[in-house]
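*Asks:* First the structure, which I've put down as C-alpha cells, then a few questions once you've had a look.
The values are calculated or read from the model by the stated rules, or taken from the named source; none is laboratory data. It should be emphasised that the depicted structure is a prediction, and the values quoted were computed from it without experimental measurement. Every residue, glycine as well, gets a Cβ built from its backbone with ideal geometry; the counts of neighbours run over all protein chains shown.
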Amino acid sequence: MISIDIEELADLGLGELNGYGEITGLQIDSRRIQPGDLFIAIRGGRDFVEEARDRGAATLVPNDEFEAMALLGQVLRGRSRARFVGVTGSTGKTSTKDILAALLEPHRRTFVSRGNFNTEIGLPLELLAAPAGTEALVLEMGMRGAGQIAELTRIAEPDVGVIVNVGPAHLELLGSIEAIAAAKAELIAGLHDGATAVVPANEPLLDPHRRHDIATVTFGPGGDVTLARQDPDGHVEIDAQGERIALQLDFRQQHLRGNLLAAVAAARAISVRPSGQVTVAFSGRRGERTRLRNGVTVIDDCYNANPMSMRAALDDLAATAGEGRRVAVLGDMLELGPQEARFHAEIGAHAATLGIELLVAVGPRSRELADTFGDAGAAVLAEDAAAAAELVPGLLAPGDTVLVKASRGVGLELVAQALVDAAEATA
C-alpha cells in the first residue's frame, strides 16, 4: 500500500488512534498483523486491540467504522497514480473483473480486488492493500440496496465505470427492475469529469441515467464494441469502434464473451490495447469445470445465482456437455421478492427446452423448477444442500456433466464437495 504517517491519520479525526511512525499495512484481523500495520477495530474488533498492540501494530477504534474506512480509502486514492476501474452488474461482475485483469496485466502493473471485497468495508481494504506502483486497479462493486454503489463510487473515484448488465437480482429489497437499474447507475452518476462509462448496448433501463458530459462506450450487439468473429478453438476477433482486436481465449463459455466485450471496452478506456493470449484466473465457484476420477464432469457455479445467471449457466451446460447426460443441480434463488415463484418456474421451463436429462431441485422455492421441468427428464427434489449432497453422487454415471448452482445462502458447495469425495473414494 501507499504508506501514510500516523500523524496524518490523527488529523482526520477517525476515532481513538494509538501508535506512531509510518503505516505500511492495514488489517482488520489481529491474527494477520505485521509490524508497521494499522489494526482497525471493526465488527467486534475492540476485544483484540491489546493483542494487536502487543504484535507491534498501531490501532484505531473508529467513531464510525464505515466513515473511517471511506476516509482512509479516499486519502490513499488521492495519492495513487493508478487508473481505477469500477465494475458492477446484476450478474457476471466478478467474471468481468477477472477477464479485465487478464487483459491489463501484460501491459500495466495491475491490482484486482479479491473475492467478495466489494462492500463499504471490503472495497476500502482493497484500496489500501494495492501495492505502491500499481498502474491499474480493478474494483468490484457490490450492492444490497440503493445508495451503496454511490458510496463505493465516492470512495474509489473510478476513471472507468462498467455496468455489465441489469437483471432481477435484489428485487426483494429494491422492488422493481427499474429501481435495480437506478441503483447500478449510481456508478454513472458518481463518475468524475473526463471519466468513461461502459454499458451494455440496447439497454433501455439505463437510458435515463446516461450522462452527456462523460464518454460512454457500449458493448454487445449493435454497440461500439462487438464480437466480429469467434472460432471453436477460442480465437476471437473484436470490433472496438473500428479497431480490430484479435485474442486467443482459454475459456469457451458463450456467456463470458459478453463479459469479455465489457472488459475490452474498459481496457481501451485506460489506453490499453489487449492482444494475444488471454489466460484468466477466474474466482472460485464461478463456473469451475473439473473432470473427476470417476468420469463425471462437475461445473461448480454455486457461489451465487439469479435468473440471468441461471439461464446462462444452463445454456453453457447444454452447449458443452460431453456424451453423457446433462444434469442440473439447481437450488433456490434468493432475494427475488413476490415474483420468486414465477422466476423459478421460468428456469425449470428453460431447462426443459435445453434437453437436460436430470434435474435435482434443492430447497422449497425450487419445487417450482421441478414442476415446470415436467416430463422433459427426471426431476428429483431435495430438501436442502445436505440432503442433496447425500443424494446426488448416487445418481450420476461416468460421462455425465453436472451443473451445481444456487444462491450463496443455499450452500450447494456441499454438493460439489460430495461429488469430489465420492470420486476419490471410488478411484
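*Asks:* Pick out the one residue from 347, 356 that is assigned by TED's automatic domain parsing to the domain that holds residue 418, part of a loop (DSSP other than H, G, I, E, B), modelled with pLDDT of 95 or more and surrounded by 20 or more Cβ atoms within 10 Å (Cβ to Cβ).
*Replies:* 356
Yes/no per residue for (1) more than 30 Å from residue 307 (Cβ to Cβ); (2) under 25 Å from the mean Cα position of the chain (by Cα):
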{"site": "19", "(1), (2)": "yes, no"}
{"site": "74", "(1), (2)": "yes, yes"}
{"site": "79", "(1), (2)": "yes, no"}
{"site": "91", "(1), (2)": "no, yes"}
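*Asks:* I would also like to ask the following. Got a sec? Which of 15, 44 is in contact (Cβ under 8 Å) with a residue 24 or more places away in the chain, surrounded by fewer than 19 Cβ atoms within 10 Å (Cβ to Cβ) and not assigned by TED's automatic domain parsing to the domain that holds residue 110?
*Replies:* Values: 44 fails: in contact (Cβ under 8 Å) with a residue 24 or more places away in the chain.
15 is the lone residue from the list that is in contact (Cβ under 8 Å) with a residue 24 or more places away in the chain, surrounded by fewer than 19 Cβ atoms within 10 Å (Cβ to Cβ) and not assigned by TED's automatic domain parsing to the domain that holds residue 110.
*Asks:* Can you tell me which residue in segment 317-338 is surrounded by the most Cβ atoms within 10 Å (Cβ to Cβ), limited to those that are modelled with pLDDT of 95 or more and part of a helix (DSSP H, G or I)?
*Replies:* In this case the residue turns out to be 317.
*Asks:* Residues that are surrounded by 14 or more Cβ atoms within 10 Å (Cβ to Cβ) and among the basic types (Lys, Arg), at least 1 per element: which helices (runs of 4 or more DSSP H) completely within segment 149-245 meet that? Before you say what the answer is, go through the steps one by one.
*Replies:* Values: elements: 171-174, 177-184, 186-189.
The helices (runs of 4 or more DSSP H) meeting that bar are 177-184.
*Asks:* Restricted to segment 68-85, and to residues that are in a helix (DSSP H, G or I) and not hydrophobic (A, V, I, L, M, F, W, C), which residue is surrounded by the most Cβ atoms within 10 Å (Cβ to Cβ)?
*Replies:* That would be 73.
*Asks:* Only one residue in 129, 146, 136 is modelled with pLDDT of 95 or more and outside the structural domain of residue 40 (by TED's automatic domain parsing), so which one is that?
*Replies:* None of the other options fit; the residue is 136.
*Asks:* Just give me the residues in segment 274-292 being touching a residue at least 40 places away in the same chain (Cβ under 8 Å) and not in a loop (DSSP other than H, G, I, E, B), in sequence order.
*Replies:* Of everything in segment 274-292, those that are touching a residue at least 40 places away in the same chain (Cβ under 8 Å) and not in a loop (DSSP other than H, G, I, E, B) turn out to be 276, 278, 290.
*Asks:* Here are some residues: 295, 331. Which one is farther than 20 Å from residue 115 by Cβ, of a type outside the set (A, V, I, L, M, F, W, C), in contact with a helix residue (DSSP H, G or I) (Cβ under 6 Å, 6 or more places away or on another chain) and touching a residue at least 12 places away in the same chain (Cβ under 8 Å)? Working first, answer last.
*Replies:* Values: 295 fails: in contact with a helix residue (DSSP H, G or I) (Cβ under 6 Å, 6 or more places away or on another chain).
331 is the lone residue from the list that is farther than 20 Å from residue 115 by Cβ, of a type outside the set (A, V, I, L, M, F, W, C), in contact with a helix residue (DSSP H, G or I) (Cβ under 6 Å, 6 or more places away or on another chain) and touching a residue at least 12 places away in the same chain (Cβ under 8 Å).
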